Amino acid sequence: MPCKLTPLLLFLAWMVYQCSAQARTDLLNVCMDAKHHKIKPGPEDKLHDQCIPWKKNACCSAKVSQELHRDTSSLYNFNWDHCGKMEPTCKRHFIQDNCLYECSPNLGPWIQEVNESWRKERFLNVPLCKEDCQIWWEDCRTSYTCKTNWHKGWNWTSGSNKCPAGTTCGTFEFYFPTPAALCEGLWSHSYKLSNYSRGSGRCIQMWFDPTQGNPNEEVARFYALAMSAGAMPQGIRPLLLCLALILPLRLHD
């Protein structure tokens, strides 16, 4: 015979359902508050070249996507060729990195507030799929740079970035001896090398085949849900866990 549920038990059962089934919606399908980002994501049918995967739902405009493919774009006046011509296979990864940064609406779980002149938010420690990082590093090993952190420390007196005094140009492999050193150090820990592989649903892909859908949507939902659970008061979490285990048994009796 089914047991009679008290109002309190019903309320706790509802909380178990809510906390186990819902992610923080404010972390999903959002754009950063930054220099060239749109306020809200939406379709952009004319995104350029390597930014095309985001055309169904993008935080970047078509004009921004075109500028991201220039050697020195007008967006930030950043010159990839600050130590001689960067290999095209290497530059391809930096363009993909920029497309992800400017266009993706799936980075909400890692957005942090910052106090910078050109943006109010950035992403931090995005779990980048290990293949993306490994291939990026391998394709750039023979290109040249003069710094390990490209976020700051450049000489901007000419209007674009130049190597600061006292630095010398060397191979990427010299400045970034491991894939983690490149992916994590390059942009002040915007990325974190993940142990997960592409298709796992647990790491962000820098690029994907748009005909197969956007795999980063699932990843964002997973981490948003994890953050929702982590935000619950510590005293309530074990109570709800116990209730989640006991309630099915009570209903079955």
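Here are the numbers for this structure:
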read-out	value
Environment charge at HIS36 (Cβ cut-off 10 Å; Lys +1, Arg +1, Asp -1, Glu -1)	+2
TYR191 long-range amide H proximity, modeled H, under 5 Å	ASN125, VAL126
Within-13-Å neighbourhood charge of GLU173 [Cβ basis; K, R +1; D, E -1]	-2
Per residue solvent-accessible surface (Å²) - segment 127-205, probe of 1.4 Å	48
Gained length - CYS163 relative to ARG70, 0.36 nm times residue gap less alpha-carbon distance	31.5 nm
Debye, to nearest 20: dipole size of segment 99-238, +1 on Lys, Arg Cβ, -1 on Asp, Glu Cβ	360
Heavy-atom surface of segment 30-93, accessible at 1.4 Å and reported per residue (Å²)	52
Virtual spin-label span in nm between GLN212 and ASP81, 7 Å along Cα→Cβ	3.4
Extension gain (nm, one decimal) between ALA226 and ASP26, 0.36 nm per residue minus Cα-Cα	70.6 nm
Potential lengthening between THR142 and ASN195 on full extension [0.36 nm per residue; Cα-Cα distance subtracted]	16.6 nm
Distance between modelled label sites at ALA181 and LYS40, nm, 7 Å Cα→Cβ extension	4.6
Segment 57-112 - percent of accessible surface contributed by carbon and sulfur, probe 1.4 Å	45
Carbon + sulfur, % of accessible area of segment 115-163 - ligands and nucleic acids excluded, 1.4 Å	47
Filtered trypsin sites (Lys or Arg not before Pro), segment 77-110: DSSP coil and at most 12 other beta carbons within 10 Å	LYS85
Largest to smallest accessible area among SER228, SER117, SER74 [probe 1.4 Å]	SER117, SER74, SER228
Loop-located trypsin sites (Lys or Arg not before Pro) in segment 145-187 whose Cβ has at most 14 other Cβ within 10 Å (DSSP)	LYS152
Where Cα atoms sit under 20 Å apart: lysine pairs in segment 19-156 separated by 8 or more or lying on different chains	23
List PHE174, PHE123, PHE78, ordered by accessible area with a 1.4 Å probe, largest first	PHE174, PHE78, PHE123
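The values are calculated or read from the model by the stated rules, or taken from the named source; none is laboratory data. The structure presented is a predicted model; accordingly, all values stated were derived computationally and were not measured. As a convention, Cβ positions derive from the backbone with ideal geometry for all residues, glycine included, and neighbour counts pool all protein chains shown. Quick note on the areas: whole protein, heavy atoms, side chains included, nothing else; ligands and nucleic acids left out. Shrake-Rupley method; radii C 1.70, N 1.55, O 1.52, S 1.80 Å.
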